[in-house]
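Here's the structure we're looking at; comments come further down.
The values are calculated or read from the model by the stated rules, or taken from the named source; none is laboratory data. On a predicted model such as this, the values are computed, not experimentally measured, just so you know. All Cβ positions, glycine included, derive from the backbone under ideal geometry; neighbour counts span all protein chains shown.
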Amino acid sequence: MLTCKKTTLLLIGSLLTLSSMQAISAPTNNEDQDTLKIIMQGLLKNTHKITQGIVLHDFALIEKAAKNIAEHPKPSMMTRMKLVKAMGADMGKFKTKDDVVHHSSVNLIKAAQQKDMPAIQQEYQIMINGCVACHNEFKERVAKILSK
């Protein structure tokens, strides 16, 4: 009898754990948008740090912030699939703009390691232009897709 109760409790506990894991791993539409928003806010925060590093000639700060941008978290697979499906052929343009930001942040890391301020300024400008171009073309559309 005691073994049956333990087994039942274990089974109930397992089911509760599984159901809570599903709830966590399957974000709602708002969570899709919120997660992407959090990632973008992190990118903005690190962009501010790069600006601060440029003004202060703090190469370590520039390197760290650029690394955070280059290695930023990805949106969930569900969010990415939703975007791919809704954007169709435009997904290539979206990815190209993302690649500009990624490559310029990687180049910023290298320039900061070399303490090469002209290269830092050049790559920073490329990165910012990439961000602005992507936002101009896709921000509204992505927000609309993820709000559905």
* Structure fact -> Taking the stretch 105-148 and keeping residues among the small types (G, A, S) and at pLDDT 95 or above leaves S105, A111, A112, A119, G130, A133
* Does any residue in the stretch 101-123 that is under 10 Å from F59 (Cα atoms) come within less than 6 Å, Cβ to Cβ, of a residue that is surrounded by fewer than 16 Cβ atoms within 10 Å (Cβ to Cβ) six or more places away or on a different chain, and which pairs are these? -> A111/A119
* Taking the stretch 77-90 as the search range and keeping residues that are within 18 Å of M40 (Cα to Cα) and touching a Lys or Arg at 6+ places or on another chain (Cβ under 9 Å), which one is surrounded by the fewest Cβ atoms within 10 Å (Cβ to Cβ)? -> R80
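Each row is one residue, and each column tells you yes or no for (1) in contact with a Pro (Cβ under 8 Å, 6 or more places away or on another chain); (2) at pLDDT below 95; (3) of a type in the set (A, V, I, L, M); (4) not in a helix (DSSP H, G or I).
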{"site": "D32", "(1), (2), (3), (4)": "yes, yes, no, no"}
{"site": "G42", "(1), (2), (3), (4)": "yes, no, no, no"}
{"site": "K49", "(1), (2), (3), (4)": "no, no, no, no"}
{"site": "I54", "(1), (2), (3), (4)": "no, no, yes, no"}
{"site": "L61", "(1), (2), (3), (4)": "no, no, yes, no"}
{"site": "P75", "(1), (2), (3), (4)": "no, yes, no, yes"}
{"site": "K82", "(1), (2), (3), (4)": "no, yes, no, no"}
{"site": "M87", "(1), (2), (3), (4)": "no, yes, yes, no"}
{"site": "H103", "(1), (2), (3), (4)": "no, no, no, no"}
